[in-house]
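Peer 1: So that we are looking at the same thing, I have put the structure below in structure tokens.
The values are calculated or read from the model by the stated rules, or taken from the named source; none is laboratory data. If you're wondering where the values come from, they're calculated on a predicted model, not measured in any experiment. Using ideal geometry, Cβ is built from the backbone for each residue, glycine included, and neighbour counts are taken over all protein chains shown. These accessible areas exclude ligands, DNA and RNA; they are computed on the full protein's heavy atoms, side chains included. Shrake-Rupley method; radii C 1.70, N 1.55, O 1.52, S 1.80 Å.
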Amino acid sequence: MTALDDVAEEGYDGREDSEEDECEDEREDERENEREDERENEREDERGDDFINVPASTAREEEDLRKKFDAILRKPASYWKKVEDKDELKESLGVLLSGVRPPAPEPQKKAQSQAQSNMRPSHSTSSLSHENFATPQDDQRYRERAKYIPLRMSDEERSLLSISLAALDVSEYTDKVDVLLGSRFETREVMLKQIKEFLSIMSGLLVANDVNKGEKVCASGDFEEHSELFRTILEISRRHKIANPEKMRTDYGKLIHLLQDSQHKDVQKGLNFSLVKPLLTVESFLAEKEALDLLDDPQLELATRDITSFSKDRELVEWELEQKTKARQEIIQRWSATDGGVLSEAEVSRVLESIGDSNTFLKGVRDPCDDMLNCLKRYFKRSESSGTKSNLAITRGKGGSRLSHSHKQQYDYVEQSLTLWRETVNDMYKLWYLAEQDLLNPDYPYVLRLTDQGLNRMQSAANVSTAMHEILARVKGKKASWIGSWVVHLGDRNVPNAFIFIDKYNQIGRILAPIVSTLRRLDDICSENADVAKYIEHNFGGAESAKRTILHDFFRHGFDGSGADNYYDAGSCIDGRLTSAW
């Protein structure tokens, strides 16, 4: 019998003798109700479950857990003083309480209750796991997150996007501008000429996209007259890149450099207008429509959740998709103009899809960090120091390492680095938003400098630096000590500008995801292919041993300080940790 069973069945002897008879009658009534529930459950099992197919044995086990949980919650406050010394009870309660969310604010309680009732299967024998597939709590701060989530493009905007992508593809802007010329005046003349040439290319492509609109632009020959159109097209391109980091791998840098130069006062005199337009985010869109309260909708989390099939059977995935679709439809109906709202159905759908896109992005870049942290804790112990497969110690000068760490130090160093990466990519939309503010701020001009990474635009990044130091302070506050340097390089020869910073931290998912995918698939591959299983058994001693070998290699050589720009420096700074793994 487990500690959970003990607590659920244990009586409370603190009440007065005069109340014992009455409590005994109540307990007898409860037992009778439980027996009736069991008989009803058996009848339902015989009839079959119309909602979702759950094995009867599994349903009974989870129903039994639910009843134990209810019994525990009925314990008086004085009883919980004894919980402090029961570690097994804490662990059992932690399993039962996983996925439980904090109570909704008072004005939303009624709507929240209705939303939760819609999420539950039709009767109590359904699997508890169906209710507990919640995303991390920090994903549900929609008021804050919406400030930086780019709004998904409309069909018309997608058409305009093709114009800028084609123009950027043929433009040689950075090849002509980012060269060391004789004078600043000569450089500004080249900038203005190349920007006007780029706008001319866009004007020609606009004819192919929309004859009437393109004809007006070409006929006038005045870029200033159509400046709003150019600003909109380039803003769409920026929004497209932020929402899809894998797109525009080279063209985005060209676009940002062009916009950066267009903000210079000398170039502005020649253009007479600005090419920079504020990024259209979910919050700014809803604020314009006076519909910010949509972000407080209790079903928003369910309607925008990213659903994957990993470690789930088909029935569960279908059930989750059904609940998500139902929540989306209810939100659209509740907030669209057809039901007295201020948004069209298409606009509500764009908002939901934009938030859903951000959740999918986080799952792709943040979840690998969580998976690697779990693997570190599962396959290695901080106290271990013996055995080649479990010892993470590294020595400067051996195997390319530029750091010397004992096993405990390396364990802490890896854990701190992965946690820092996790928190950084979790705020990636915010950091990207701030990075563009720094890059396109005319008050912070750049200078061309030859760095160890080549010729780069060196520019300060005050906004990104402040946000990154806040993240670092948050991570350091969770750790008893800090291994290595905590210097954040920005605007120097290591990280010349905010664009380089964003590009580097966008690689975290690309570095970790293949490792996580390999670890997840290894068992399945061994079970599907006998020859592979034999090979892994012969060379590694089994799938689990192979996983440990992979992780041991990565945690040592991916965090060995080799991200420094020369052999005498050790890359243990915030930037160097990522470059070492890169």
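Peer 1: Suppose a student asked you for the relative contact order of segment 455-582, using Cα pairs under 8 Å spaced at least 6 residues apart; what percent would you report? List each step's numbers first, then the result.
Peer 2: Details: 116 pairs, mean separation 30.7, N = 128.
About 24 percent, as a whole number.
Peer 1: Here is a further query. Apply the a/c threshold of 1.5 to the C-alpha gyration tensor of segment 261-403 and tell me whether it is rounded, prolate or oblate. Spell out each step's value before the answer.
Peer 2: Numbers: a/c = 4.10, a/b = 1.36, b/c = 3.01.
The shape class here is oblate.
Peer 1: Multiply the residue separation of residue 408 and residue 312 by 0.36 nm, subtract the distance between their alpha-carbon atoms, and state the gained length in nm to one decimal. Show your work: numbers first, answer last.
Peer 2: Values: separation 96, 0.36 × 96 = 34.56 nm, distance 3.59 nm.
Roughly 31.0 nm would be gained on extension.
Peer 1: Greater than 32 Å separation of Cα atoms is the criterion. Which listed pairs, 504/547; 312/479; 312/408; 277/326; 247/277; 479/504, meet it?
Peer 2: 312/479; 312/408; 277/326
Peer 1: Please give the net charge around residue 324, taking every other residue with its beta carbon less than 13 angstrom from that of residue 324, where Lys and Arg add +1 and Asp and Glu add -1. Walk me through the intermediate numbers first.
Peer 2: Values: positive: 305, 326, 328; negative: 301, 306, 318, 320, 322, 330, 353.
Overall, the nearby charge balance is -4.
Peer 1: When Lys and Arg each count +1 and Asp and Glu each count -1, what net charge do the other residues less than 11 Å away from residue 399, Cβ to Cβ, add up to? Provide the component values of the computation, followed by the final result.
Peer 2: Working: positive: 396, 398, 402, 556; negative: 553, 560.
Its environment carries a net charge of +2.
Peer 1: Treating only the Cα positions of segment 401-548 as identical point scatterers, give the base-10 log of I(q)/I(0) from the Debye formula at each q in 0.20 Å⁻¹.
Peer 2: With one equal scatterer per Cα and no solvent, log10 I(q)/I(0) is -1.21.
Peer 1: Return the long-range amide H neighbours of residue 343 (sequence gap of 5 or more, or a different chain), with a cut-off of under 5 Å between placed amide H atoms.
Peer 2: Residues meeting the criterion, in which the H sits 1.01 Å from N, are 337.
Peer 1: Percent of accessible area on segment 164-272 owned by carbon and sulfur, 1.4 Å probe?
Peer 2: Working: 2550 of 5240 Å².
In segment 164-272, the share of accessible area belonging to carbon and sulfur is 49 percent.
Peer 1: While we're on this one: Would you mind calculating the relative contact order of segment 228-325 from Cα pairs under 8 angstrom and at least 6 residues apart, reporting the percent as a whole number? List each step's numbers first, then the result.
Peer 2: Working: 43 pairs, mean separation 24.0, N = 98.
Relative contact order, segment 228-325: 24 percent.
Peer 1: Between residue 290 and residue 485, what is the label-to-label distance in nm when each label sits 7 Å out along the Cα-to-Cβ direction?
Peer 2: Distance between label points: 5.4 nm.
Peer 1: Filter the GluC sites (Glu not before Pro) in segment 198-269 to those in DSSP coil with at most 13 other Cβ atoms within 10 Å of their Cβ, and list the result. Walk me through the numbers on the way to the answer.
Peer 2: On the way: sites: 215, 224, 225, 228, 235, 246; in loops: 246.
Hits after loop and neighbour filter: 246.
Peer 1: Here is a follow-up. For residue 281, what residues show an amide H to amide H distance below 5 Å, using hydrogens built from the backbone and excluding near sequence neighbours?
Peer 2: The list, which skips near neighbours in sequence, is 151.
Peer 1: Now a separate question. Relative contact order for segment 435-498: what percent, with Cα pairs under 8 Å and sequence separation of 6 or more?
Peer 2: Working: 77 pairs, mean separation 25.8, N = 64.
Once divided by the residue count of segment 435-498, the mean separation gives 40 percent.
Peer 1: Could you sort out which of 216/269; 241/389; 324/430 sit more than 32 Å apart by Cα distance in this structure? Walk me through the numbers on the way to the answer.
Peer 2: Numbers: 216/269 24 Å; 241/389 42 Å; 324/430 26 Å.
Those over the limit are 241/389.
Peer 1: For segment 526-539, just list the computed ³J(HN,Hα) in residue order, Karplus coefficients 6.51, -1.76 and 1.60, θ = phi - 60°, integers in Hz, with x standing in for Gly and Pro.
Peer 2: Residue by residue, segment 526-539 yields 5, 6, 8, 10, 5, 5, 5, 4, 5, 4, 5, 5, 6, 8 Hz.
Peer 1: Ordered by residue, what ³J(HN,Hα) values in Hz, to whole numbers, does segment 147-152 give under the Karplus form 6.51 cos²θ - 1.76 cosθ + 1.60, where θ = phi - 60° and Gly and Pro are x?
Peer 2: Those phi angles translate into 5, 10, 6, x, 6, 4 Hz.
Peer 1: Considering only the other residues whose Cβ falls under 10 Å of the Cβ of residue 226, what net charge follows from Lys and Arg at +1 and Asp and Glu at -1?
Peer 2: With Lys, Arg at +1 and Asp, Glu at -1, the net is -1.
Peer 1: Report ³J(HN,Hα) in whole Hz for each residue of segment 401-410, in order, from the Karplus equation J = 6.51 cos²θ - 1.76 cosθ + 1.60 where θ = phi - 60°; Gly and Pro get x.
Peer 2: 6, 10, 10, 10, 10, 6, 4, 5, 5, 5
Peer 1: Please say if segment 238-334 is rounded, prolate or oblate, where rounded means a/c under 1.5 for a ≥ b ≥ c the square roots of the C-alpha gyration tensor eigenvalues, and otherwise the choice is prolate for a/b larger than b/c and oblate otherwise?
Peer 2: Values: a/c = 5.74, a/b = 1.96, b/c = 2.92.
Verdict is oblate for segment 238-334.
Peer 1: Would segment 448-530 count as rounded, prolate or oblate if I go by the C-alpha gyration tensor, calling it rounded below 1.5 in a/c and otherwise prolate when a/b exceeds b/c, oblate otherwise?
Peer 2: Values: a/c = 3.36, a/b = 1.72, b/c = 1.95.
Here segment 448-530 falls in the oblate category.
Peer 1: Just need log10 I(q)/I(0) for segment 427-486 at q = 0.20, 0.25, 0.27 Å⁻¹, Debye formula, equal scatterers on the alpha-carbon atoms, no solvent, rounded to two decimals.
Peer 2: With no solvent term, the Cα-only Debye profile gives -0.88, -1.00, -1.05.
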